[in-house]
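Below you'll find the structure, written out as structure tokens, and then a few comments.
Nothing in this text is a laboratory measurement; each read-out follows from the coordinates by a stated rule. None of the values given here were measured: they were computed from a predicted structure. So basically every Cβ, Gly included, is an ideal-geometry build from the backbone, and we count neighbours across all protein chains shown.
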Amino acid sequence: MTRATAILVCTAVLSCGTGCLHLDVPRDFLVVSSWTDAFEVPPAAHIAAVAADEAQLRVSSFRDDWDGNLDYWYQALEHDLVDRRGYTLLQRADRQDAKGLSGREMVFSVTHAGISKKYLVCVFDAGQRIRVVELTAAAEVFDRHLEAVQAAIATLR
Amino acid sequence: MMLLLALAMLPGCASQVAAKRQRAPERAARFADGAAARPAAVLAAESVALADPDNEDATSDRSVVYEADYQILVPSAREAGARFLEHAKTLGGRLSSRSLSRVEVRVPAARFQALLEFLPGLGRVVAESVRATDVTDTVTDLRLRLQTARTSHTRLLSLLDKTSNVEEILAVEKEIRRLIGEIEQLEGQLKNLSEQVAYSRVAVAFRNLKNTTSGSPAARGPSRFWWINRVGVESFDD
């Protein structure tokens, strides 16, 4: 291993220290994908999990290219989902992650590909990154996962 | 005749001490019940708040009117307007006017800067205008004119007590009525100005993001924020 490669790997590992995502995934879900792109600055990360009834849980970390704050992203997201995509907002709530960072949660109903679904999204502004937790499922099975996912959001770090 | 001569000289001799009233006739009391008998209200109007938005502890003797006009691009004008108003109220402000896309509030001058610092958090500021108008000279002038008018009013009341000539009484009463009108007008101006100094005006016009695109089909396009296009039920299909 050349010195340059070693430095690169060390940098990647160090970067992962601030970019990795962790969420205590509810036991009904099976993690099907989990990765961290330590070479992106700041690092990007992603966790995807699926339940037996095909409810899908996803945690993402996006680079904030615009330096927006939580209120702004919350409004922008709601605007996009409601005004552009036709979602119906059902409820909203304030959340906190494992480090006490404030987040905003919204739950919507939407018909997608002819199927009535519900969708939860919770957004956190973590400085240079925007962290998003999502849950989607058919409307009839969504509620059975809701409480567990909301509890899991509190473990996000 | 001497009384009428004195009446003509009144505006110029406001500093002279009025003769002590020996009696209190009803006609004098009738006019005294007008402007000069409301010291508390007048004092409140004259107590022009002196505030420096950059320094709450400033002991400046200047009277400054602060105003700001903003235009902000937001995802939802209605929600942003509500949040702006709510924050203004927490700073001690109050609503002046509101429409679908514009909200105008007045906040204590000491909180003016704090409210302006809050605005960028609502969205993208596309236009801003902040003005500070020094009205110290106007306030001083109004106070002097008010003081002079009150002194004249007091002196006329004294003169009214001393005469029994009907013609002179009518002339004095006419002048007293004019002075009361002037005093009330000056008090109103001073109160209005003190209000403007004490409470800064902040007006914000909110523009919806979707209104910045041309036509509704464009509004159905992807978000300008790429990460938003990667969330939602649709993105789980990818």
Could you work out how far apart the two model spin labels at residue B:102 and residue A:33 are, taking each label as a point 7 Å from the Cα in the direction of the beta carbon, and quote it in nm?
4.8 nm
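Could you calculate the FRET efficiency of residue B:166 with residue B:144 from 1/(1 + (r/R0)^6), where r is the beta carbon distance between them and R0 is 25 Å, rounded to 0.05? Could the numbers behind the result be given before it?
Values: r = 34 Å, r/R0 = 1.38.
It comes to 0.15.
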At a Förster radius of 35 Å, what calculated FRET efficiency corresponds to the Cβ-Cβ distance of residue B:125 and residue A:154, to the nearest 0.05?
0.55
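Taking 0.36 nm per intervening residue step and subtracting the Cα-Cα distance, what contour gain separates residue B:136 from residue B:230 on full extension?
On the way: separation 94, 0.36 × 94 = 33.84 nm, distance 5.67 nm.
Full extension from residue B:136 to residue B:230 adds 28.2 nm.
Provide a whole-number value for the mean count of partner chain Cβ atoms within 10 Å of the Cβ atoms in peptide A:66-78. Walk me through the numbers on the way to the answer.
Values: counts 4, 0, 4, 3, 1, 7, 9, 4, 2, 9, 10, 7, 3.
What the average comes to for A:66-78 is 5.
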Report the gain in length on full extension from residue A:96 to residue A:141: 0.36 nm times residue separation, minus Cα-Cα distance, nm rounded to one decimal.
13.7 nm
Here the whole-number average of other chain Cβ atoms within 10 Å per Cβ of B:115-125 is 2
What FRET efficiency would be calculated for the residue pair residue A:20, residue B:67, taking the C-beta separation as r and a Förster radius of 41 Å, to the nearest 0.05?
0.25
Taking neighbour Cβ counts within 10 Å as the exposure measure, how do B:197, B:126, A:141 sort from fewest upward?
B:126, A:141, B:197
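What number comes out for the charge environment of residue A:109, summing +1 per Lys or Arg and -1 per Asp or Glu over other residues with Cβ under 11 Å away? The partial results should precede the final answer.
Working: positive: A:117, A:118; negative: none.
Residues close to residue A:109 contribute a combined charge of +2.
If packing is taken as the average count of other Cβ atoms within 10 Å, what order do B:165-172, B:65-72 fall into, highest mean first?
Numbers: B:165-172: 14.8, B:65-72: 19.1.
So the order, starting with the most tightly packed, is B:65-72, B:165-172.
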